[in-house]
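These notes are about the structure you will find just below.
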Amino acid sequence: MSEGQKFQLGTVGALSLSVVSSVSIVICNKALISTLGFTFATTLTSWHLLVTFCSLHVALWMKLFEHKPFDARAVMGFGILNGISIGLLNLSLGFNSVGFYQMTKLAIIPCTVLLETLFFRKLFSRNIQFSLLILLLGVGIATVTDLQLNMLGSVLSLLAVLTTCIAQIMTNTIQKKFKVSSTQLLYQSCPYQALTLFIVGPFLDGLLTNQNVFAFKYTPQVLFFIVLSCLISVSVNFSTFLVIGKTSPVTYQVLGHLKTCLVLAFGYVLLKDPFSWRNILGILIAVVGMVLYSYCCTLETQQKSQEPSAKQPEGNENESDPLINAENGSGMTADGGAIMAPAWKSNKDLHA
């Protein structure tokens with residue numbers, strides 16, 4: 001098996017792991033929130049990251065990966081920024097309507113495209129832009145309902161989008177600049193992310209829910225779902241860094257919207273959530289956009305590989321990271337979520 005085939009197989013595995021683990025943790029956390037009333041999303045996320053760090057520390061002790069220290073300031077800044085982005089996304093949901101929060105998540109893709117174009121001179125063809133537009137249209141139809149605006153909520157949403165985009169771009173660029181794996185980066189940044197959220201989490205959760213996370217009644221059932229959520233989050237966090245490192249921030253966001261569609265479908269089938277023809281139409285349009293995006297990226301990757309390297313403009317990079325066939329070396333949290341943000345309302349999804 002050639003190196004290219006191994007890389008493509010690894011990319012498919014990372015994408016599959018990301019989808020399965022993310023959908024699993026959403027189902028688990030929906031039960032934790034809507035059924036058991038545990039709505040402390042930011043604090044829960046800090047526990048997710050702490051368990052992830054402990055799991056990776058055990059893996060390091062078992063010599064499953066090699067510890068590779070690099071720029072400590074870059075790691076600290078990256079970890080703190082990730083933690084801040086998660087907190088801002090939670091605040092965005094708390095001070096906005098659910099529909100406006102969904103628009104915030106949709107804005108991450110065009111914002112990422114803009115930032116990568118301006119600061120990294122990355123090229124996005126019209127076909128790629130068109131496929132992303134179809135995808136966003138479909139997800140918007142399926143998920144966006146009310147759009148109530150307020151000044152504070154709008155500012156928080158803007159900050160959430162910017163920090164999330166920057167954090168995801170940094171996930172990709174740090175891995176390539178310092179030649180570290182997704183596991184090495186996640187291991188070193190987890191403590192800073194966990195500490196940031198552990199400090200601000202109880203305050204944010206108290207502000208949003210008017211409850212104290214430490215005064216909550218932790219029944220055996222609640223503890224079971226918390227432990228299960230933390231264990232699944234290890235896979236979610238690992239696959240997030242792995243996917244972004246192997247593909248790009250935009251491709252990861254496309255995958256995130258695929259997971260949103262799957263969550264809607266699973267919610268209808270397993271949890272009997274309300275479902276309408278609008279949801280079905282939106283999901284179908286989104287799937288068309290995803291297929292077009294993957295096809296266009298694959299086509300551009302093949303064309304790029306056939307062209308002599310001397311003809312490639314220096315400093316420019318094409319978006320050629322399809323969902324199922326990514327090219328090594330191409331340019332990176334919820335959702336999410338960098339680690340995509342959790343949502344604390346019972347009718348929203350919750351990620352690691």
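Quick notes
- Here Thr112, Thr219 are screened, and the one residue that is surrounded by 15 or more Cβ atoms within 10 Å (Cβ to Cβ) and farther than 30 Å from Ser276 by Cα is Thr112.
- If the condition is being part of a loop (DSSP other than H, G, I, E, B) and open to solvent by less than 80 Å² (accessible area, probe 1.4 Å), then segment 45-66 contributes only Phe65.
- Residue check for Gln168: open to solvent by less than 40 Å² (accessible area, probe 1.4 Å) and under 18 Å from Ile86 (Cα atoms): yes
Yes or no, residue by residue, for (1) open to solvent by 60 Å² or more (accessible area, probe 1.4 Å); (2) within 30 Å of Lys217 (Cβ to Cβ); (3) among the polar types (S, T, N, Q):
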residue: Leu15; (1), (2), (3): no, no, no
residue: Ser21; (1), (2), (3): no, yes, yes
residue: Thr39; (1), (2), (3): no, yes, yes
residue: Met76; (1), (2), (3): yes, no, no
residue: Phe100; (1), (2), (3): no, no, no
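- Some residue of segment 249-266 being buried (at least 17 other Cβ atoms within 10 Å of the Cβ), assigned to a loop (DSSP other than H, G, I, E, B) and over 14 Å from the mean Cα position of the chain (by Cα): no
- Odd one out for Gln211, checked against (1) touching a Phe, Trp or Tyr at 6+ places or on another chain (Cβ under 8 Å); (2) assigned to a helix (DSSP H, G or I): (2)
Residue-by-condition table, conditions (1) open to solvent by 70 Å² or more (accessible area, probe 1.4 Å); (2) aromatic (Phe, Trp, Tyr); (3) under 19 Å from Gly256 (Cβ atoms):
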position: Glu116; (1), (2), (3): no, no, yes
position: Arg126; (1), (2), (3): yes, no, no
position: Gln129; (1), (2), (3): yes, no, yes
position: Leu136; (1), (2), (3): no, no, yes
position: Leu152; (1), (2), (3): yes, no, no
position: Thr164; (1), (2), (3): no, no, yes
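- One residue stands out among those in segment 186-205 that are within 16 Å of the chain's Cα centre (by Cα) and not polar (S, T, N, Q): the one that is nearest to Leu49 (Cα to Cα), which is Cys190.
Results for (1) hydrophobic (A, V, I, L, M, F, W, C); (2) modelled with pLDDT of 90 or more; (3) not in a helix (DSSP H, G or I), shown as yes or no for each residue.
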site	(1), (2), (3)
Gly79	no, yes, no
Ser85	no, yes, no
Met103	yes, no, no
Ile109	yes, no, no
Phe119	yes, no, no
Gly140	no, no, no
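- The single condition from (1) modelled with pLDDT under 90; (2) part of a helix (DSSP H, G or I); (3) surrounded by fewer than 15 Cβ atoms within 10 Å (Cβ to Cβ) that Leu89 fails is (3).
- Scoring Asn127 on the criteria (1) in contact with a Leu (Cβ under 7 Å, 6 or more places away or on another chain); (2) modelled with pLDDT under 90 leaves a single failure, condition (1).
The values are calculated or read from the model by the stated rules, or taken from the named source; none is laboratory data. The structure displayed is predicted, hence computed values, not measured ones. Note: ideal-geometry Cβ built from the backbone for every residue, glycine included; neighbour counts use all protein chains shown. Keep in mind that these areas ignore ligands, DNA and RNA; they rest on the heavy atoms of the full protein, side chains included. Shrake-Rupley method; radii C 1.70, N 1.55, O 1.52, S 1.80 Å.
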